[in-house]
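Only one structure is covered here, and it is reproduced in the block below.
The values are calculated or read from the model by the stated rules, or taken from the named source; none is laboratory data. Fair warning: this is a prediction, and the values are worked out from it, not measured in the lab. All Cβ positions, even for glycine, are placed from backbone atoms using ideal geometry, and neighbour counts span all protein chains on display. In case anyone asks, the SASA skips ligands and DNA or RNA and just uses the protein heavy atoms, side chains included. Shrake-Rupley method; radii C 1.70, N 1.55, O 1.52, S 1.80 Å.
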Amino acid sequence: MGMIDFQEKSDLVSMPKVKTSRKVTDRVVKVVIIAFFGLALLPLISLLTTVITRGVGRFDPTFFSSSMRGVVGAGGGAVHAIWGTLLITGTALIISAPIGIAAAVYLVEYGRGKLAKLLTFLVDVMTGIPSIVAGLFAYAVFSIILGPGTRSGVAGSIALSLLMIPVVIRSSEEMLRLVPGEQREAAIALGSPKYRSIWRVILPAAAPGIVSGVMLGICRIIGETAPLLLVAGFTDSMNLNVFDGRMATLPVFIYSQWQNKGTDSVAYEGRAWSAALMLIGIVLIMNIAAKLIAARTQKVR
Amino acid sequence: MMTLTTTEKTTFTASKISVSNFSAYYGRFHAIKDINMVVEPRAVTALIGPSGCGKSTMLRSINRMHETLPGARVEGSIRLGAIDLYGADVDPVAVRERIGMVFQRPNPFPTMSIKENVLSGVRLQGNRIGKSDGDDLVEMSLRAANLWDSVKDQLAKGGASLSGGQQQRLCIARAIAVKPDVLLMDEPCSALDPISTAAIEELIANLRREYTVVIVTHNMQQAQRVSDTTAFFHIDGPGLPGRLVECGATTELFSNPKESATADYIAGRFG
């Protein structure tokens, strides 16, 4: 019986054809999956087209060269908010990246026992902190140190760092864990102290992933509005000093333009949309930059 | 001649390794027990035995790599010449500077070029090396690893771009570039094809003129081809520690084993 079956099956002509029902199921599932993919893409496409069509109107030289100082109605621009966003986010990056990467190195390379578990737990908790709470924290800290109601760009950076650090720790941790143990052993067996093997072997191997993790962190914070409204405040004028005075940022600029439309509401809405387009543009440029940096660090292959 | 721009290191060359009453543990697990053996300088010593008999643990204990695993610890002593490698004031990093290691799977650093891989040991030990000295050292090490002729025109390419056998020779070049006294090899051919294996074995035959080589292998033919001395490790049962059954000149151990366990193993009756 078994022998005969085997001989029949080994004959290609008598191989069973694919059942029609299976073909149909395959087709149906494929269509459903593509439909859901399209559904997920729809809001994104809609968002992009809306922002571009409405934002392109005020995407002019004036928008990038003047602030809102003394502007009522049409005209004016967001150069102060663009600089504010770049400075506050940049400062947050300078604070978060070293702390986040160092914490990840500790967790992966040194962390044993209770302290590491506690740190992991705290990172998890920090990931869930509502951004307004981070803002209140920074507000409180600066009020205690510099007196109530103090507003500055660096206070905003610290609030944003609270949101960014857990993202950097988590992603860097994962990237460091991906570096094979063999690499660590190879370095140690060559007579390398641990710190030097981390610096010269493990961090370079994880660098592309760490860079994209940091960029992910920036994307997380660059659109934050609530904490900046609290601690960096808002101004119509240019302020390039993160340590002194209120500082405008793009998200807060969008909010205030939309919220305080004057009689010429079209002008205010136009500026808000253009600022939104600019914000998306910055995130896009960041992403491309991250990819380029990652490709550069990986060139030896 | 090339000179390393470091303080001249006192050399242990031609010092024998003496292992006495040595035990190693992984947490509660007793991996090897009461090992006593002597590794002759400038010769090849093979550690053979069935899987799990502790031969790799023995090897990794010689350059204090064993203790880098969580929960690992040792008892007894291993001496290189007159120096107790496990002495209280001995820095394990200094031990590893003098006792190099080649692993089972080739593990060149993927972020470094071939040249940087060869120089990585010098740099990881915290030494700076000038360009011409570096070039000399790269050529010398790659020649010693029989790899120079095939990679001399592509030194800037990534170390991971080579074939498996070439990668392993690159790892050997990397290990000997720091001028160790002893070279430990943990089944260096088990991930390689027969042709690459033959190349590595030929290399080992050359290396023994300058280095003390200890090689772990589960290939008995390989042990006979490359080694001067063979040590046979064995476990008496699951969960029990590995022990050294006998150690002697390779030709003698394979032709005229003293212990019946050795005879059974080399005859292929188990393992």
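Across A:Leu115, B:Leu240, the residue with the most accessible area heads the list, and the full order at a 1.4 Å probe is A:Leu115, B:Leu240.
Round to a whole angstrom and tell me the spacing of the C-alpha centers of the range A:35-63 and the range B:82-108. Each part's Cα centre sits 60 Å from the other's. For the range B:6-266, give the percent of accessible area contributed by carbon and sulfur heavy atoms, probe 1.4 Å, rounded to a whole number. That share works out to 48 percent.
Protein heavy-atom accessible surface, 1.4 Å probe, per residue over the range B:6-266: 41 Å². 3J(HN,Hα) couplings calculated from phi for the range B:126-137 with the Karplus curve 6.51 cos²θ - 1.76 cosθ + 1.60 (θ = phi - 60°) are, in sequence order, x, 9, 9, 9, x, 5, 6, 4, x, 4, 4, 5 Hz; Gly and Pro show x. Loop only per DSSP, at most 10 neighbouring Cβ atoms within 10 Å: give me the trypsin sites (Lys or Arg not before Pro) in the range B:184-271, ordered by residue number. Taking the range B:184-271 and a limit of 10 other Cβ atoms within 10 Å, the loop trypsin sites (Lys or Arg not before Pro) found are B:Arg209, B:Arg269. Backbone amide hydrogens, once placed in the peptide plane, bring B:Leu47 within less than 5 Å of B:Ile215, B:Val216, B:Thr217, B:Ala231, excluding anything fewer than 5 places away on its chain.
Compared with the direct C-alpha span, the chain from A:Val125 to A:Glu109 gains 3.6 nm at full extension, assuming 0.36 nm per residue. Rolling a 1.4 Å probe across the protein heavy atoms gives the range A:171-301 an accessible surface of 47 Å² per residue.
Looking at the range A:97-129, none of the chymotrypsin sites (Phe, Trp or Tyr not before Pro) sits in a DSSP loop with at most 16 other Cβ atoms within 10 Å of its own Cβ.
The string of couplings for the range A:192-209 from the Karplus curve (6.51, -1.76, 1.60, θ = phi - 60°) is 9, x, 4, 4, 6, 5, 5, 5, 9, 10, 6, 4, x, 5, 8, 3, x, x Hz, one whole number per residue in order, with x for Gly and Pro. Under the convention that each Lys and Arg Cβ holds +1 and each Asp and Glu Cβ holds -1, the size of the dipole of chain A around its Cα centre is about 520 debye.
Given a Förster radius of 60 Å and the C-beta distance between A:Lys17 and B:Asp133 as r, what FRET efficiency does 1/(1 + (r/R0)^6) yield to the nearest 0.05? The value I calculate is 0.25. List the residues of the range B:117-141 that lose 40 Å² or more of accessible area once all protein chains are present, compared with their chain alone (1.4 Å probe, heavy atoms only, no ligands or nucleic acids). Flagged in the range B:117-141: B:Arg123, B:Leu124.
The listed residues A:Ile145, B:Ile48, B:Ile83 rank as A:Ile145, B:Ile83, B:Ile48 when sorted by accessible area, largest first, using a 1.4 Å probe.
Bridgeable lysines around B:Lys33 (alpha carbons under 26 Å apart, same-chain partners fewer than 8 residues away excluded): B:Lys16, B:Lys55, B:Lys258. Straight-line cross-link reach from A:Lys30 at under 28 Å between alpha-carbon atoms covers these lysines, not counting any fewer than eight positions away in the same chain: A:Lys17, A:Lys19.
Within the accessible area of chain A, what % is carbon and sulfur when the probe is 1.4 Å and the other protein chains stay in place? C and S fraction of accessible area: 70 percent. Just to verify a number: FRET efficiency for A:Val283 and A:Tyr195, C-beta to C-beta distance, R0 = 41 Å, to 0.05? Once rounded, the FRET efficiency stands at 0.70. In this simple spin-label approximation, B:Lys16 and A:Thr25 carry label points 7 Å from Cα along the Cα→Cβ vector, and these lie 7.3 nm apart.
Amide H contacts for A:Ser237 (H built 1.01 Å from N in the peptide plane; partners 5 or more residues away or on another chain; cut-off under 5 Å): none found.
Scalar couplings 3J(HN,Hα) for the range B:16-22, obtained by applying the Karplus form with A = 6.51, B = -1.76, C = 1.60 to θ = phi - 60°, are 8, 9, 10, 9, 9, 6, 8 Hz; x denotes Gly and Pro.
Taking a straight Cα-Cα cut-off under 17 Å and skipping sequence neighbours fewer than 8 places away in the same chain, the lysines within cross-link reach of B:Lys115 are A:Lys299, B:Lys131, B:Lys152, B:Lys157, B:Lys179.
Restricting the trypsin sites (Lys or Arg not before Pro) of the range B:55-148 to loop positions (DSSP other than H, G, I, E, B) with no more than 15 neighbouring Cβ atoms within 10 Å leaves B:Arg128.
For the set A:Arg271, A:Arg112, the ranking by accessible area, highest first and with no ligand, DNA or RNA atoms included, is A:Arg112, A:Arg271 under a 1.4 Å probe.
For the chain pair B and A, the interface hides roughly 2100 square angstrom of accessible area in total, found with a 1.4 Å probe.
Applying 1/(1 + (r/R0)^6) with r as the Cβ-Cβ distance of A:Thr50 and A:Val133 and R0 = 22 angstrom yields a FRET efficiency of 0.10. Looking only at the range B:168-197, which residues have a backbone nitrogen under 17 Å from a spot 7 Å from the Cα of B:Asp149 in the C-beta direction? Within reach of a label on B:Asp149: B:169-170, B:195-197. Counting only DSSP H runs of at least 4 residues, each contributing -39500 (n - 2.57), and dividing by the residue count of the protein assembly as shown, the helix-based mean residue ellipticity at 222 nm comes to -17000 deg cm²/dmol. Distance between the modelled labels on B:Lys157 and A:Lys117, one decimal in nanometres: 5.0 nm (7 Å Cα→Cβ projection).
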